[in-house]
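Scroll down for the structure; my scribbles are underneath it.
The numbers here are math on the coordinates, done by the rules we state, and not lab data. This one's a predicted model, so the numbers in the text were calculated from it and none came from an experiment. FYI the Cβ positions are ideal-geometry reconstructions off the backbone, even for glycines, and counts take in every protein chain you see.
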Amino acid sequence: MNYSKLINEEQLNQIKIYLKVDIDYEDDLIKEFLDSVALELVDAIDSSKIPADFIDDPRFHLAVKKQAKEEYEHRGLTADTMRYTLANGVDNIIHQLRVKGVVLDDNTQTQRTDYIF
């Protein structure tokens, strides 16, 4: 399921405030960025997971917001503009979630042990 379908209207409005967007006609574009970014982040954390697995983790929401803001603000920029692959802090959140795993409904955590360092 897409990230934009997992969040409610209030959460979408909070993301729009974070993006400094006070219009509604770009909502579909913002949702597209959110869905794409969430999939990118989940694949970077654990390719066997889906966005719904991280929906209760505030760090995941923060990473999605940060990266969606990066994508929203820098859309359409040309190759002559220096741009980081990930927004500031997103890389750290990815590493934390990789190590910590996913918090399950019963408040237990899964933890990956198959890392190659």
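Structure shown: which of K16/K66; K16/K49; K69/K100; K49/K69; K16/K100; K5/K100 lie over 19 Å apart, alpha-carbon to alpha-carbon?
Working: K16/K66 12 Å; K16/K49 26 Å; K69/K100 25 Å; K49/K69 23 Å; K16/K100 29 Å; K5/K100 25 Å.
Distance filter (> 19 Å) returns K16/K49; K69/K100; K49/K69; K16/K100; K5/K100.
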Residue (of F54, S36, N8) at the positive-pole extreme of the range 3-100, dipole from beta-carbon charges: F54
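State, as an integer percentage, the relative contact order of the range 3-100 based on alpha-carbon contacts under 8 Å between residues 6 or more apart.
Relative contact order, the range 3-100: 31 percent.
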First select every other residue whose beta carbon is under 12 angstrom from the beta carbon of I17; then total the charges, Lys and Arg +1, Asp and Glu -1. +2
With a cut-off of 12 Å, note down the residues of the range 1-37 whose backbone N falls inside the zone around a label point 7 Å from the Cα of E73 toward its beta carbon. 18-21
Cα extents of the range 3-100 along the principal axes, largest first, in whole Å, come to 36, 35, 18
At what distance in nm do the modelled label points of Y18 and H95 sit from each other, each positioned 7 Å from its Cα along Cα→Cβ? 2.1 nm
